[in-house]
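In what follows, a structure is listed as structure tokens, so that the remarks can point back to it.
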Amino acid sequence: KQLSKYWINGIFAMIWLSIVFAVFMPGNTLFAGTIGFEVNEFMQIYMGKIGVILLLSLILLMFIISKFKITPERIKSFVPKRKEKKTSVLDDVTNEGYITEAIHETSNKELELDLDPIVELTTEDIISEKEEISAKPVEIVTPVEEELEIEIEKPVDEEHMVDNLSNTLVKDFGEFDPTLELANYKFPKLDLLKDYTNENITIDKQELENNKNKIVETLNNYKIGISSIKATIGPTVTLYEIVPNAGVRISKIKNLEDDIALSLAALGIRIIAPIPGKGTIGIEVPNKKPSVVSMKSVLSSQKFQNTKMDLPLALGKTISNETFIVDLAKMPHLLMAGATGQGKSVGLNAVLASLIYKKHPAEIKFVLVDPKKVELTLFNKIERHYLAKLPDTEDAIITDTTAVINTLNSMCIEMDNRYDLLKNAFVRNIKEYNTKFKSRKLNPENGHRFLPYIVLVIDEFADLIMTAGKEIETPIARLAQLARAIGIHLIVATQRPSVNVITGIIKANFPTRVAFRVTSKIDSRTILDAQGADQLIGKGDMLISTGSSDLVRLQCAFIDTPEVEKLTDYIGSQRAYASAYILPEYVGEEGTSTVDIDIADRDKLFEEAAQLIVTSQQGSASLLQRKLKLGYNRAGRIIDQLEAAGIVGPFEGSKARQVLVPDIISLRQFLDGESEV
């Protein structure tokens, strides 16, 4: 503390003296130094020399006052009081100790009152009294100069048991590692994928020049001038960016789409007027010699290898030959549509390969639905690594309609269970939950566990809707609306997502859509809510809409069946989990009854309901509701009783139950036989 005071005083003295030397000795800069000289010059410009001297004097005065703690009370204490001035006259004393005549200058009255006791004072008494008077100011000032030091008590640091407990666990055991069970798992190598000879883009200057001349000539025929034109060469399409002359209407160029296609003698001409974010108009022209975009070239790119996305999908390459990657976790669902043979199934394989190359089996699980039974069969080999299925089912890849209904309802149960875990953990999404679980802040004894992402892939969704209808729509709608936060994402492929295939509620939850080539503008609007998909050239050429108004044209990455087989063989040969990821068990509300119902417990309307169903030969609860004016629960119980009695068959999805009794006479015989027993 004392050292800091000396430093402050020394620095002040140095700066102040340097300015003083600069003011009074301007010719000798050795004493003033750079600081003193510059500060003096600056201050004299605004205040003049006299002002600088006054300011320096004021600063010195303030420093002295603050340094020596000079206050008005202290100055007053140095000034003697009036009564003390009378004793000061006692200095003029004779050798005999008598007061001189100088005292008689005051009035006689005062002398009689004040000096009667003083007349007999000796010289020694006077001197001792003088010493007492002079000592009084010192006694008053001494306590003012003393500095009191304050003693600071340190605040108490409380220990937080919850934080410290989790930190201790992390310190002792490290963060929880979900991949530890398959710690030796090796990600597939890029060498498993195939290299193609025609991957490199070749620039044919003659073709570019011819196309440019034909575009300019066609526009000139309609009196549309161009100020500049630029070509961007992609794998399958070349983009010509033109800047029209001032005053040219964009709609006029847009209407010449067919004329430009005729002059270029090419299919798939697409005009973008204007290109979003640019002041140009784009004309996309297919290349005469398209190059292949292999899956290997996309996955080996730095953009994919260094991505920090949660669920990266490497879909293909743009017109500028740049790898296009999107995050499935932020989409949050993907709708793929297009005509038959235009690349939907290859696109699904590319999506699955992207996730397999990036995520460990502990971090992601797939639920694969394949009504065609042949597109996703190869992924059976990685069942115990990456796939999820219902308990007590043999095949992880779902092909049967009834199994699809049960699986989707089971995923709804899984969704609800996960939301309960998130609620108890006080987090809002799966990423926060898993981060908290890894840092050992959630106790597994309370039901908490690491939650992998679940991706539901459905190929040929229209076929499922035709066979199962509403029983599939309801769980799909629930998953599409709610499942994003808990890490369940949907990838749905269909030929044409019309209203009778995908309802408006489901479609609204699929903002990211991929459109392969379709046959009409209406189909393009159905998929993308915009035109353009009808002008694609097929073979993986696609448009993707990410929810904004911008459409991006891509060439989908190509992965062939032998490549998928090599990939699945490589993963399937490694150590796996004991079984596939088991989804919660789901029992349908109208599932087959295995318990015999006592005749005495039958509903009062049992016989009437049996006659109605045998007469109509249609075994459904809705028929009983309408004809007998019953509620759903009671009608369902009667159907269960009829099934237990052997009058109707088991539950068959959306179809009505089979009626096992052919007519009323047979029913009467059946019921009479029961009563006799």
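The values are calculated or read from the model by the stated rules, or taken from the named source; none is laboratory data. Remember, predicted model here, so these are calculated numbers, not experimental data. Quick reminder, even Gly has a Cβ in these numbers, built from the backbone with ideal geometry, and neighbours come from all protein chains shown.
Residues that are within 25 Å of the chain's Cα centre (by Cα) and of a type in the set (A, V, I, L, M, F, W, C), at least 3 per element: which strands (runs of 3 or more DSSP E) completely within region 451-555 meet that?
453-458, 488-494
Per-residue answers, yes or no, for (1) out of contact with any strand residue (DSSP E or B) (no Cβ under 8 Å at 6 or more places or on another chain); (2) over 25 Å from Asn349 (Cα atoms); (3) free of Cβ contacts under 8 Å to residues at least 24 places away in the same chain; (4) small (Gly, Ala, Ser):
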{"position": "Pro391", "(1), (2), (3), (4)": "no, yes, no, no"}
{"position": "Ile398", "(1), (2), (3), (4)": "no, no, no, no"}
{"position": "Tyr419", "(1), (2), (3), (4)": "yes, yes, no, no"}
{"position": "Asp459", "(1), (2), (3), (4)": "no, no, no, no"}
{"position": "Ile472", "(1), (2), (3), (4)": "yes, no, no, no"}
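Using the structure shown, decide if Ala314 is in contact with a strand residue (DSSP E or B) (Cβ under 7 Å, 6 or more places away or on another chain) and in a strand (DSSP E or B).
It is true that Ala314 is in contact with a strand residue (DSSP E or B) (Cβ under 7 Å, 6 or more places away or on another chain) and in a strand (DSSP E or B).
For residues in region 226-275 being in contact with a Ser or Thr (Cβ under 8 Å, 6 or more places away or on another chain), among the aliphatic types (A, V, I, L, M) and without any contact (Cβ under 8 Å) to a residue 40 or more places away in the chain, which is surrounded by the most Cβ atoms within 10 Å (Cβ to Cβ)?
Ranking the candidates gives Leu256 first.
Please find, among Ile45, Ile19, Ile35, the residue that is in contact (Cβ under 8 Å) with a residue 24 or more places away in the chain and farther than 30 Å from Glu149 by Cα.
Result: Ile19 is the single residue among Ile45, Ile19, Ile35 that is in contact (Cβ under 8 Å) with a residue 24 or more places away in the chain and farther than 30 Å from Glu149 by Cα.
Here are some residues: Ile15, Ile64, Ile59, Ile45. Which one is over 60 Å from the mean Cα position of the chain (by Cα) and part of a helix (DSSP H, G or I)?
Testing whether each residue is over 60 Å from the mean Cα position of the chain (by Cα) and part of a helix (DSSP H, G or I) leaves just Ile64.
Residues that are under 28 Å from His385 (Cβ atoms), part of a loop (DSSP other than H, G, I, E, B) and small (Gly, Ala, Ser): does region 181-188 have at least one?
yes
Tally up the residues in region 385-413 that are under 19 Å from Leu451 (Cβ atoms), surrounded by fewer than 23 Cβ atoms within 10 Å (Cβ to Cβ) and of a type in the set (D, E, K, R), please.
0
Which residues, counting only those in region 71-87, are of a type outside the set (Asp, Glu) and either surrounded by 12 or more Cβ atoms within 10 Å (Cβ to Cβ) or at pLDDT 85 or above (or both)?
Arg74, Ser77, Pro80, Lys86, Thr87
Yes or no: Lys381 surrounded by 15 or more Cβ atoms within 10 Å (Cβ to Cβ), farther than 21 Å from Ala337 by Cα and in contact with a Gly (Cβ under 9 Å, 6 or more places away or on another chain)?
The answer is yes for Lys381.
Somewhere in region 490-510, is a residue β-branched (Val, Ile, Thr) and under 17 Å from Thr407 (Cα atoms)?
Looking through region 490-510, at least one residue is β-branched (Val, Ile, Thr) and under 17 Å from Thr407 (Cα atoms).
Among the numbered criteria (1) surrounded by fewer than 23 Cβ atoms within 10 Å (Cβ to Cβ); (2) small (Gly, Ala, Ser); (3) out of contact with any Leu (no Cβ under 8 Å at 6 or more places or on another chain), which one does Ala337 miss?
Answer for Ala337: the failing condition is (1).
List the number of the failed condition for Lys223; all other conditions in (1) at negative phi; (2) in a loop (DSSP other than H, G, I, E, B); (3) of a type outside the set (Phe, Trp, Tyr) hold.
With respect to (1) at negative phi; (2) in a loop (DSSP other than H, G, I, E, B); (3) of a type outside the set (Phe, Trp, Tyr), Lys223 is out only on (1).
Return the residue satisfying two criteria in turn: it lies in region 564-582 and is of a type outside the set (Ser, Thr, Tyr) and more than 18 Å from Leu368 (Cβ to Cβ), and of such residues it is surrounded by the fewest Cβ atoms within 10 Å (Cβ to Cβ).
Of everything passing the filter in region 564-582, Ala578 is surrounded by the fewest Cβ atoms within 10 Å (Cβ to Cβ).
Pro444 - would you say it is surrounded by fewer than 18 Cβ atoms within 10 Å (Cβ to Cβ) and not charged (D, E, K, R)?
yes
Tell me the residue from Ser320, Ser354 that is in a loop (DSSP other than H, G, I, E, B) and either in contact with a strand residue (DSSP E or B) (Cβ under 7 Å, 6 or more places away or on another chain) or polar (S, T, N, Q) (or both), please.
Selected residue: Ser320, the only one of Ser320, Ser354 that is in a loop (DSSP other than H, G, I, E, B) and either in contact with a strand residue (DSSP E or B) (Cβ under 7 Å, 6 or more places away or on another chain) or polar (S, T, N, Q) (or both).
So is Ser524 more than 22 Å from Leu390 (Cβ to Cβ) and free of Cβ contacts under 8 Å to residues at least 24 places away in the same chain or not?
yes
Only one of Thr435, Thr474, Thr494 is surrounded by 18 or more Cβ atoms within 10 Å (Cβ to Cβ) and polar (S, T, N, Q); which?
Matching residue, one of Thr435, Thr474, Thr494: Thr494.
Quick check, is Ala483 surrounded by 20 or more Cβ atoms within 10 Å (Cβ to Cβ), assigned by TED's automatic domain parsing to the domain that holds Lys507 and closer than 20 Å to Leu335 by Cβ?
yes
I want to confirm something. Restricting to region 229-276 and keeping residues that are hydroxyl-bearing (Ser, Thr, Tyr) and modelled with pLDDT under 85, which single residue is farthest from Lys212 (Cα to Cα)?
Only one residue fits best here, namely Ser251.
Under the condition of being outside any strand (DSSP E or B) and under 15 Å from Val552 (Cβ atoms), which residue from region 323-351 is modelled with the highest pLDDT?
The qualifying residue modelled with the highest pLDDT is Gly347.
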